[in-house]
């Protein structure tokens, strides 16, 4: 959540001061590092969530509706991440012209916004699940 908020609210506006070619270079370096981290963190979050769900609560029957909703949102967020990495981010990395790379980066940002909102909803659900 923090990385998405930083990228959208701090990094992106700051890159606006750069010309297109250096903006693409910095965005590319940031995307690469961020997506590598998420690629490793996402499965860990899902695996530990399932470990808690089945190890502590005995499965889906032992939890309330907010946990079911959190599960669905978590899977949706993971699917959106995989879509971004294999679609818009791939187009960003293979773009020859800075203008094409910046268009692909804008698409990446739109999906990061969606995932940020889904993550915030998941946090609200986690608060409701505590009961």
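Listed values, structure above:
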| item | result |
| --- | --- |
| Matching residues in the stretch 58-103 - criterion: being more than 18 Å from the chain's Cα centre (by Cα), more than 17 Å from residue 31 (Cα to Cα) and crowded, with 16+ Cβ neighbours inside 10 Å | 63, 66, 67 |
| Looking only at the stretch 104-127, and only at residues there that are more than 22 Å from residue 24 (Cβ to Cβ) and free of Cβ contacts under 8 Å to residues at least 60 places away in the same chain, the one that is surrounded by the fewest Cβ atoms within 10 Å (Cβ to Cβ) | 127 |
| Count of residues meeting criterion [in contact with a helix residue (DSSP H, G or I) (Cβ under 8 Å, 6 or more places away or on another chain), closer than 27 Å to residue 99 by Cα and not in a helix (DSSP H, G or I)] in the stretch 1-47 | 2 |
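Every number in this text was worked out from the coordinates using simple rules, so none of it is lab data. Please read these numbers as outputs of a predicted model, since none were measured by experiment. Using ideal geometry, Cβ is built from the backbone for each residue, glycine included, and neighbour counts are taken over all protein chains shown.
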